[in-house]
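S.K.: For reference, the structure I am asking about is given below.
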Protein chains: 2
Amino acid sequence: MRYSGEGVAAVAAVEEETAEEALELITVEYEPLPVLLDPLEAMARDDVRIHENVPYNLMYEGNQEFGDPDGALARSAYVLEKEFKTSYVNHAFLEPHAALAAFSPNGELTLYASTQIPHYLHRTLSLVLQMPMHKIRVSVPTVGGGFGGKGEVSSAELCAALLARKTGRPVKVTYERSEVFAQHKGRHPCLIKMKIGVDKDGLIQAVDFDNILDGGAYAGWGIVVLFYTAAMIHLPYKVPNARFRGRRVFTNKPTTGAMRGLGGVQPRFAMESMLDELAGLAGISPYEIRMRNAVESGYTTKSNVYVPHSEFKKCLQTAVEKSGYLEKHGKLPFGRGIGLAGGYYISGTAYTLYMSYKPHSSAMIRVDTEAGVTLYCGATDIGQGSDTVMAQMAAEALGVKYEDVHVVSGDTTLAPFDLGSFASRVTYGTGQAIKMAAAEINKKLFAIAAAELGVRAEHLTAKDYRIFSRFEPKKALDWHQAVEKYIDAQGPLVGVGHYTPPRTGGKFQGGKIGQSPTFGFSAQVTEVEVDLETGRVKVLKVTEAGDCGQAINPMSVEGQVEGSILMGMGQALYEEIKVAPDGKILNPNLHDYKIPTAMELPAIDSTIVESYDPTAPFGAKESGEGPIQPVIPAIANAVADAIGVRFTDLPITPEKVLRALKEKQRG
Amino acid sequence: MRYSGEGVAAVAAVEEETAEEALELITVEYEPLPVLLDPLEAMARDDVRIHENVPYNLMYEGNQEFGDPDGALARSAYVLEKEFKTSYVNHAFLEPHAALAAFSPNGELTLYASTQIPHYLHRTLSLVLQMPMHKIRVSVPTVGGGFGGKGEVSSAELCAALLARKTGRPVKVTYERSEVFAQHKGRHPCLIKMKIGVDKDGLIQAVDFDNILDGGAYAGWGIVVLFYTAAMIHLPYKVPNARFRGRRVFTNKPTTGAMRGLGGVQPRFAMESMLDELAGLAGISPYEIRMRNAVESGYTTKSNVYVPHSEFKKCLQTAVEKSGYLEKHGKLPFGRGIGLAGGYYISGTAYTLYMSYKPHSSAMIRVDTEAGVTLYCGATDIGQGSDTVMAQMAAEALGVKYEDVHVVSGDTTLAPFDLGSFASRVTYGTGQAIKMAAAEINKKLFAIAAAELGVRAEHLTAKDYRIFSRFEPKKALDWHQAVEKYIDAQGPLVGVGHYTPPRTGGKFQGGKIGQSPTFGFSAQVTEVEVDLETGRVKVLKVTEAGDCGQAINPMSVEGQVEGSILMGMGQALYEEIKVAPDGKILNPNLHDYKIPTAMELPAIDSTIVESYDPTAPFGAKESGEGPIQPVIPAIANAVADAIGVRFTDLPITPEKVLRALKEKQRG
């Protein structure tokens, strides 16, 4: 066992009580081993290896250098170097991991799982069970939240499948909350050293970034997170020179992994905190330093990442104007403060987790005379509402009502391939596939309508169940009639589409690195009140402005913004998994692990800025992970504005605030 | 109420007990009305109308005349006229009607139903609920038998949907056995008058057929059954002149409808019984008279129905040879007898039940790199194994293993349109659609393989997961590789297909009436022993030979034959719904309504004769309803051979046998 709470046995029984009794009958003898909880200590102790083959518990070290960071720092007018420490937080999704496995009489396994990644789960099941993938079906029912924590295969899923095979009976496994914490895969605690140099005008010259990531006991998505923290310093500001050193270290704790805004949240906390201080050094406002450095559409990073579209400046302007930031910053009474921060995130990734050349997203649309439109796509609605958005996009492209579209998603047998719901990839990627599939349907229907109406098919468009000429809108055919004519003569009316993001050297980006096909941006202004007696930080209001391209479903976008703000607030102020010296988690439940509730909800004023990404389906980019990026630094900047203390160690608890206030008084 | 047991109210509750209690709290006051149970009496009593607008309770009268039956009868060497009476029997499927209705938050209804006809149910729900069809999904889970009884919409389905809408909760309705009998839709009792004339060689000159069908209280499929009894006299023997008069009459009993071999079983009993007697008059054997009159491939009936393919003579030969019929008939000791009969049935129908021009069957195949082959088709597996047969046909056409094909069937949202599982239409009709869909997949894969292998695509074929040249079989490409290449470059690999049977004036049949695209044939020789003390008829052995074209799944065909024989035996010897003078069913349960069990199972020797229908997919025709046609007359003919008594009134109970034996002794 490499951490306290690691699974060693699984028991299946007809009732839970019997299973519990059986578990109690299993005696496991544990020989206590040294416990390494701190990554710095773990790197120093080669005598205690958590994995025998990993010296100094250093799972991975990655280094990158772009341009001449040392020279640029030396030439900078102002250089700031600081250390930051981020905390060990869990996703705290409401529905715990759950899986139900059943073998059919012909030996085929169906696994119903609360997962973000039916495809990767499908693949892992095949490897673990040594069964061909086509003998396994993964189907995702309604999911009560994932946030990255259901973006890796869970032991619940594998145990359910293995026990079902062993028993020949369906087996369901649902985690208790403590097991969710043990499975974890939450945010990597990071020890960050960051050095930033700016010229006299506040223009960034270089970023030198050293990041030690506490990986917990296993690898998981660790390397991905490590390199994402590296990538995340190149945007949303122009960074002409950069160095990155990243080390992911094993410790005797539940494994860290992917969590909303993966890789971005920790360096963003550091960088946006430092920008405020650098602005002070350069004698300009925090807003001004951001506007001067902010990237615009068509920018290419020094790391060769292309940004096709950005309304980041508009986000900053909007948040600042709507909040009155400039009027308030530095001018509020002691204990009240206002902070600004920016952020961005990817809209999908360029590569699969294993070598593969297939499309990352695909979609199939079938139109029936009577049953209407069925949209089959492998993307998975994990509570973010992607089924609705996909229905909307199909409906818009077809000219029908979105409520009339049946969505069949998250099922490896029923729907065509999709990589899954992570990295904010669904709207942009699956959206492209849906548009293409709808175009095939339209091509078939427009050919019929063109003949009926005596117009050219390429002049036709469809809206509100009518197919009509753009130039003579009165020349119209009822959509259902066209469908009926097609099916009567030619049978099932089906269209397919697919999407692969541009890769390195791809045409779309002219040889740029294909980190993500596009990016969403966000800016937030946060007002806080610090209770000078208790040290408690209260978030009063968050003014957010986001560039998610054209919002397909504004209510969903707002939901993502509000959820991101609450989740970021949790990490900023409250949440931290506490581990005892023997490695036991002290607060593996939602009583002792405090997440913000409706009671802590600040006033939120969110704006979807006018935006349309021409590379995107219906102009839409990500909105689920970008908005979490500015939350923590905006709060930290607001706290600094309120009490003149800059916290670099999360969470900003009342204890830390009181201690700082006392030190300040003493100082 | 038009019959005892007719539904007047439906109650939903959380538990069954509460529902029962609520039902007891409903007081219904019934005013007793005259009860008409006999169709002859019903036709005589215009003063008692079961439906106000139907004079003389005559629901429908149909008349047909082909050629000159009167002249032909007058010129016949031998003319026989007889009356027959068939009984009131139920399908007795094991699983009662069941339905589960649930509305989603967006107002869409999903109805899970044990039905043969998801499409017609879909349509009826739309009419009854006044909801558009695309807001309703009908999904058919594993079904425990239908035999025609689930070929009409059930009140269980409508009540579940209406109560779910009313309560806002999911509602499940499962019938008790007595409710199955009340819903009924079983076999029409018929009063048959049949006159057949043959020439001196036993060649049929004319059939004059008068049929009064007891319809019970409602219409249902009644007219269809009426005209099917009319059609059924034109085959499997050549009938150059024919007259039909059919009357379907309302009575105060549960409604009759479709039951396995619909419309064929009753006239077959009459005609095959009479052929034995006519053979005697003509001085030839019952075998000879059948062989002389039997139709062959390419025959067109006087009613203008085209028979593209028939191996009926081979069926007669095989059954007679394998059973030793010629050696035994007329030569067994008193009390032992052997009987021969022939039969046939349609493989689908030409028309939908409402005006429509869309394909009757359609199929969609999607091939995935990893998830394998998914076959979507609306056809419904009702226990007959159509999912397996469809998987086999897709696999054969694609060159993959049938166990690897995922079948998605019986679902109006997930699968493309299909009329349903009735009239033995699935293998032939849906099979054509599947073949076409597979051909589209093959076309796409062969294009890739042709380029890879440097051969012409039209020379390629696929088998055992290899695509290879028919002329140079060593030039082969792994099927999975071809799929991967296709999907990597072009996205989802999908093929669609559809099938519409030829209609009147259609090209395929050169203007012939499109009753069915083709027909299956069957011959049976049955040996019985009559217990002279108890009157009990024991079926000792059935030697069956069937022409179902090429059997796709011989085990399924055998199962259909064996099931047909048992079901026919039930109607011949045991089964009869008994109705008291007040209209109450006396035996609405499987204790008192006796169906044959394993105890009554005779030895069955069934042969699938060598056959390949060139119009059919993989040469396959029906096998589920043809084999029931000869069962009853073969038993009746065997009983006549055993004791010299010809029964014309079903079932042939011990009482009737004993009475006949006594009369014979007296006579």
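The values are calculated or read from the model by the stated rules, or taken from the named source; none is laboratory data. Keep in mind it's a predicted model, so treat the numbers as computed, not measured. Every residue, glycine among them, receives a Cβ derived from its backbone with ideal geometry; neighbour counts consider all protein chains shown.
S.K.: Within segment A:98-119, can you find the residues that are under 28 Å from the mean Cα position of the chain (by Cα) and within 14 Å of another protein chain (Cβ to nearest Cβ)?
M.R.: Result: A:110, A:111, A:117, A:118, A:119.
Okay, residues lined up against (1) without any contact (Cβ under 8 Å) to a residue 40 or more places away in the chain; (2) in contact with a Ser or Thr (Cβ under 6 Å, 6 or more places away or on another chain):
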residue: B:116; (1), (2): no, yes
residue: B:129; (1), (2): yes, no
residue: B:132; (1), (2): yes, no
residue: B:137; (1), (2): no, yes
residue: B:142; (1), (2): no, no
residue: B:145; (1), (2): no, no
residue: B:151; (1), (2): no, no
residue: B:156; (1), (2): no, no
residue: B:159; (1), (2): no, no
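S.K.: Next question. Return the only residue of B:353, B:419, B:398 being within 22 Å of residue A:370 (Cα to Cα) and out of contact with any His (no Cβ under 6 Å at 6 or more places or on another chain).
M.R.: None of the others qualify; the one that does is B:353.
S.K.: What is the one condition in (1) in contact with a Ser or Thr (Cβ under 8 Å, 6 or more places away or on another chain); (2) surrounded by fewer than 23 Cβ atoms within 10 Å (Cβ to Cβ); (3) hydrophobic (A, V, I, L, M, F, W, C) that residue B:109 does not satisfy?
M.R.: Going through (1) in contact with a Ser or Thr (Cβ under 8 Å, 6 or more places away or on another chain); (2) surrounded by fewer than 23 Cβ atoms within 10 Å (Cβ to Cβ); (3) hydrophobic (A, V, I, L, M, F, W, C) one by one, residue B:109 breaks only (1).
Here's the yes/no breakdown for (1) within 12 Å of chain A (Cβ to nearest Cβ); (2) within 26 Å of residue B:559 (Cβ to Cβ):
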| site | (1), (2) |
| --- | --- |
| B:297 | no, no |
| B:321 | no, yes |
| B:341 | no, yes |
| B:358 | yes, no |
| B:372 | yes, no |
| B:377 | yes, yes |
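S.K.: Now a separate question. Within segment A:410-424, is even one residue over 17 Å from residue A:348 (Cα atoms), within 14 Å of another protein chain (Cβ to nearest Cβ) and over 29 Å from the mean Cα position of the chain (by Cα)?
M.R.: Checked segment A:410-424: no residue is over 17 Å from residue A:348 (Cα atoms), within 14 Å of another protein chain (Cβ to nearest Cβ) and over 29 Å from the mean Cα position of the chain (by Cα).
S.K.: Sticking with this structure for a sec: Hey, could you check segment A:120-138 for residues that are surrounded by fewer than 20 Cβ atoms within 10 Å (Cβ to Cβ) and more than 9 Å from chain B (Cβ to nearest Cβ) and say which is nearest to residue A:412 (Cα to Cα)?
M.R.: So, considering only residues that are surrounded by fewer than 20 Cβ atoms within 10 Å (Cβ to Cβ) and more than 9 Å from chain B (Cβ to nearest Cβ), the one nearest to residue A:412 (Cα to Cα) is A:124.
S.K.: Filter the strands (runs of 3 or more DSSP E) completely within segment B:154-236 down to those with at least 2 residues that are outside the structural domain of residue B:302 (by TED's automatic domain parsing) and charged (D, E, K, R). Working first, answer last.
M.R.: On the way: elements: B:171-174, B:190-198, B:204-216.
Result: B:190-198, B:204-216.
S.K.: Can residue B:153 be described as under 26 Å from residue B:11 (Cβ atoms), of a type in the set (A, V, I, L, M), away from chain A (no Cβ under 14 Å) and out of contact with any Phe, Trp or Tyr (no Cβ under 7 Å at 6 or more places or on another chain)?
M.R.: no
S.K.: Just the residues that are among the hydroxyl-bearing types (Ser, Thr, Tyr) and over 21 Å from the mean Cα position of the chain (by Cα), please, taken from segment B:52-97.
M.R.: B:56, B:60, B:76, B:78
S.K.: Only residues that are within 14 Å of chain B (Cβ to nearest Cβ), more than 17 Å from residue A:309 (Cβ to Cβ) and not basic (Lys, Arg): list them for segment A:425-446, please.
M.R.: A:430, A:433, A:434, A:436, A:437, A:438, A:439, A:440, A:441 - these are the residues of segment A:425-446 that are within 14 Å of chain B (Cβ to nearest Cβ), more than 17 Å from residue A:309 (Cβ to Cβ) and not basic (Lys, Arg).
S.K.: Now for a separate question. Go through the residues of segment B:463-486 one by one and say whether even a single one is within 14 Å of another protein chain (Cβ to nearest Cβ), aromatic (Phe, Trp, Tyr), over 37 Å from the mean Cα position of the chain (by Cα) and crowded, with 20+ Cβ neighbours inside 10 Å.
M.R.: Yes: one or more hits.
Okay, residues lined up against (1) polar (S, T, N, Q); (2) surrounded by 24 or more Cβ atoms within 10 Å (Cβ to Cβ):
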| residue | (1), (2) |
| --- | --- |
| A:332 | no, no |
| A:342 | no, yes |
| A:347 | yes, yes |
| A:360 | no, yes |
| A:363 | no, yes |
| A:380 | yes, yes |
| A:386 | yes, yes |
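S.K.: Please work out if residue B:72 is in a loop (DSSP other than H, G, I, E, B) and over 17 Å from residue B:217 (Cβ atoms).
M.R.: On the way: in a loop (DSSP other than H, G, I, E, B): no; over 17 Å from residue B:217 (Cβ atoms): yes.
No: the conditions fail for residue B:72.
S.K.: Only one of A:504, A:500 is modelled with pLDDT under 95, under 30 Å from residue B:366 (Cα atoms) and hydroxyl-bearing (Ser, Thr, Tyr); which?
M.R.: Values: A:504 fails: under 30 Å from residue B:366 (Cα atoms).
Within the list A:504, A:500, the selection yields A:500.
S.K.: For segment B:564-581, state whether one or more residues are assigned to a helix (DSSP H, G or I), under 19 Å from residue B:348 (Cα atoms) and in contact with a Lys or Arg (Cβ under 8 Å, 6 or more places away or on another chain).
M.R.: The answer is yes, given that some residue of segment B:564-581 is assigned to a helix (DSSP H, G or I), under 19 Å from residue B:348 (Cα atoms) and in contact with a Lys or Arg (Cβ under 8 Å, 6 or more places away or on another chain).
S.K.: Looking at (1) within 16 Å of residue B:344 (Cα to Cα); (2) surrounded by 24 or more Cβ atoms within 10 Å (Cβ to Cβ), find the lone condition where residue B:608 falls short.
M.R.: (2)
S.K.: Something else now. Of all residues being part of a helix (DSSP H, G or I) and of a type in the set (S, T, N, Q) in segment A:1-58, which is surrounded by the fewest Cβ atoms within 10 Å (Cβ to Cβ)? Just the residue, please.
M.R.: Ranking the qualifying residues of segment A:1-58, first place goes to A:18.
S.K.: Looking only at segment A:335-358, which residues are assigned to a loop (DSSP other than H, G, I, E, B), under 21 Å from the mean Cα position of the chain (by Cα) and either of a type in the set (Asp, Glu) or under 22 Å from residue A:617 (Cβ atoms) (or both)?
M.R.: So the first thing to find is which residues in segment A:335-358 are assigned to a loop (DSSP other than H, G, I, E, B), and the list is A:335, A:347-358.
Checking the rest, the ones that are also under 21 Å from the mean Cα position of the chain (by Cα) come to A:347-354.
Across segment A:335-358, the qualifying residues are A:347, A:348, A:349, A:350, A:351, A:352.
S.K.: Now for a separate question. For segment A:296-313, enumerate the residues that are within 15 Å of residue A:66 (Cβ to Cβ) and either outside any strand (DSSP E or B) or among the aromatic types (Phe, Trp, Tyr) (or both).
M.R.: Within segment A:296-313, A:299, A:301, A:302, A:303, A:304, A:306 meet the criteria.
S.K.: Could you list, in sequence order, the residues of segment A:394-408 that are in contact (Cβ under 8 Å) with a residue 60 or more places away in the chain and within 12 Å of chain B (Cβ to nearest Cβ)?
M.R.: Taking segment A:394-408 and keeping what is in contact (Cβ under 8 Å) with a residue 60 or more places away in the chain, we get A:396, A:398-401.
Passing the criteria: A:400, A:401.
S.K.: Report yes if residue B:286 is touching a residue at least 12 places away in the same chain (Cβ under 8 Å), crowded, with 16+ Cβ neighbours inside 10 Å and within 18 Å of residue B:429 (Cα to Cα), otherwise no. It would help to see each step written out before you state the result.
M.R.: Working: touching a residue at least 12 places away in the same chain (Cβ under 8 Å): yes; crowded, with 16+ Cβ neighbours inside 10 Å: yes; within 18 Å of residue B:429 (Cα to Cα): no.
No: the conditions fail for residue B:286.
S.K.: Between a residue in segment B:426-440 that is aliphatic (A, V, I, L, M) and any residue that is surrounded by fewer than 24 Cβ atoms within 10 Å (Cβ to Cβ) and not in a helix (DSSP H, G or I), which pairs come within a Cβ distance under 7 Å, given they are 6 or more apart or on different chains?
M.R.: Between residues of segment B:426-440 that are aliphatic (A, V, I, L, M) and residues that are surrounded by fewer than 24 Cβ atoms within 10 Å (Cβ to Cβ) and not in a helix (DSSP H, G or I), the close pairs are B:437/B:496.
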